[in-house]
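Notes follow once the structure below has been shown.
Nothing in this text is a laboratory measurement; each read-out follows from the coordinates by a stated rule. On a predicted model such as this, the values are computed, not experimentally measured, just so you know. Neighbour counts run over all protein chains shown; Cβ positions are idealised from the backbone, glycine included.
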Amino acid sequence: MSALAYAAERAVAIRAVLAASGVCQRVFTKLVNGETITKKDKSPVTIADFSAQAVVNTFLHQSFPADPIVGEEDSKDLRGEEGRVMREKVLELANTGLDSPLTEETLIETIDRGTFAGGPNGRMWALDPIDGTKGFLRGEQFAVCLALIVDGQVQVGVMGCPNLPVDAKNQNGEKGCLFITVKGQGAFQRNFSSSTETPISMSDIQSLADASFCESVESGHSNQSESAKIAQLLGITKAPVRMDSQCKYCSISRGDAEVYLRLPVSASYEEKIWDHASGSLLVAEAGGIVSDVHGKPLDFSKGRTLATNSGVVATHAEIHGKVIEVVQKVLFPEGKL
Ligand SMILES: Nc1ncnc2c1ncn2[C@@H]1O[C@H](COP(=O)(O)O)[C@@H](OP(=O)(O)O)[C@H]1O
Ligand SMILES: [Mg+2]
Ligand SMILES: [Mg+2]
Ligand SMILES: [Mg+2]
């Protein structure tokens, strides 16, 4: 029997994401104020973001040394005397997730292996070491997200969600699950505590009146007043489930909700490929369709951002057309473009 496509990449991605998730879990209880930096775009970054990127990049380099990486973070804030305190903390934390320890020098080099510009050709990994840093800081949802993109198509996606209940119906039960997908091979969930994988699929609702939708917690990341109008027009009566990170893609993939709306707040913001690569493949493999607000597929071949897309609409395949119709009506009413 021939091995399944991308079996090696899948296995390495799982190991890398689990190791990085462990690093994030260990640091959370110890985070203090000084360990958060505010980036130029006003978004926060913590020692856990840098450490998780160092850990995943190390695993990738060991197994696939020739593969470029499009990672969210870079080492700028860790360099020189100004970055010394943070650098030492990141080094210590990253090494808790690695068999052979990095040095200060190899740490910087390892993090900066994530600076690839992306593009349409060849293999590349897209890494968000912590997606939902704001959720992480609040003790809520976040995810370590890793995807392999080949010639602009996402082929493998693995997401680690340390704070996500393994069963949405039991919010106080076990937490920590991994979502795994390879194009053409389906979508799977396993718990951090076990290597048994279970196939997952989107819920097959008959009527939108029974549906629920999810969106970002952050009103600065997704237009929540427009989504409320869309939900109303669709006949959705349940309140939105607000959740940080690509845990939203994971949640709809296993049937916790039916629709994920991410409506642009500003025309100039370009979504980042690491915020959507793994999650969008998971949804597609679970029976859904992911597009932008115009119904256009997400295009991962344009560099580090989804430069030709605007927002995200992810739903079960059967209702996607209807949802896009209403999204268009609300976002672009006659006379307004
Ligand atoms: N104006 C904006 N519009 C949409 N997304 C934004 C944004 N500003 C930041 N983001 C992205 O939103 C991500 C979090 O998604 P969500 O809002 O669904 O939790 C952030 O990822 P990081 O937390 O990895 O930086 C960041 O990349
Ligand atoms: Mg960020
Ligand atoms: Mg992100
Ligand atoms: Mg991030």
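A few remarks follow.
- A7 paired with S193, simple spin-label distance in nm, labels 7 Å along Cα-to-beta-carbon: 3.0 nm
- 0 to 90° range, to nearest 10: angle between helix 84-95 axis and the chain longest Cα axis: 80 degrees
- T115-T237 FRET efficiency (beta carbon distance; Förster radius 56 Å; 0.05 resolution): 0.75
- The calculated FRET efficiency for the pair H61 and T38, based on their C-beta separation and a Förster distance of 30 Å, comes to about 0.55.
- Charged side chains reduced to their Cβ positions (Lys and Arg at +1, Asp and Glu at -1) give the stretch 7-199 a dipole of some 480 debye around its Cα centre.
- When the inverse distances between all different Cα atoms of the chain are averaged and flipped, the Kirkwood radius reads 20.0 angstrom.
- In the structure shown, the pairs K169/K329; K134/K302; K89/K272; K175/K296; K238/K322; K183/K302 are assessed against 30 Å; a Cα-Cα span above that value is assigned to K169/K329; K175/K296.
- If the chain linking K229 and Q25 were pulled fully straight, counting 0.36 nm for each residue of separation and taking away their Cα-Cα distance, it would gain 69.7 nm.
- Oblate is the label for the stretch 137-187. Its Cα gyration tensor axes, ordered a ≥ b ≥ c, give a/c of at least 1.5 and b/c at or above a/b.
- Shown is the FRET efficiency for A307 and D167, computed with R0 = 25 Å from the Cβ-Cβ distance and rounded to the nearest 0.05: 0.10.
- C177 long-range amide H proximity, modeled H, under 5 Å: C161, L164, F192
- Among V27, V327, V70: highest mean-square fluctuation, GNM of the chain, C-alpha pairs under 10 Å: V27
- GNM flexibility winner over the chain from M202, M86, M124 (Cα, springs under 10 Å): M86
- Helix 320-331 vs. the chain, principal-axis angle (Cα, 0 to 90°, nearest 10): 90 degrees
- Among beta bridges that DSSP assigns inside the chain, antiparallel share in %, nearest 5: 85 percent
- Modelled this way, with points 7 Å down the Cα-to-C-beta line, the labels at E318 and T96 are 4.6 nm from one another.
- Among F28, S310, V259 - extreme Cα towards positive end, dipole of the chain, charges at beta-carbon: V259
- In this Cβ point-charge picture (+1 for Lys and Arg, -1 for Asp and Glu), the chain has a dipole of about 380 debye about its Cα centre.
- Helical mean residue ellipticity (222 nm; -39500 (n - 2.57) per DSSP H run of 4+; nearest 500) of the chain: -9500 deg cm²/dmol
- Comparing mean-square fluctuations of Q232, Q246, Q155 from a GNM of the chain with C-alpha springs under 10 Å, the top value falls on Q232.
- Prolate/oblate/rounded call for the stretch 7-199, Cα gyration tensor, a/c under 1.5 rounded: oblate
- Exposed loop sites are taken as GluC sites (Glu not before Pro) in a DSSP loop (any state but H, G, I, E or B) with at most 11 other beta carbon atoms within 10 Å; the longest stretch of the chain without one runs 83-333.
- Contour excess over end-to-end distance, with Cα ends at D299 and R138 and 0.36 nm allotted per residue: 54.8 nm
- Point-charge dipole on Cβ atoms (K/R +1, D/E -1) for the stretch 208-331, about Cα centre, debye to 20: 120 debye
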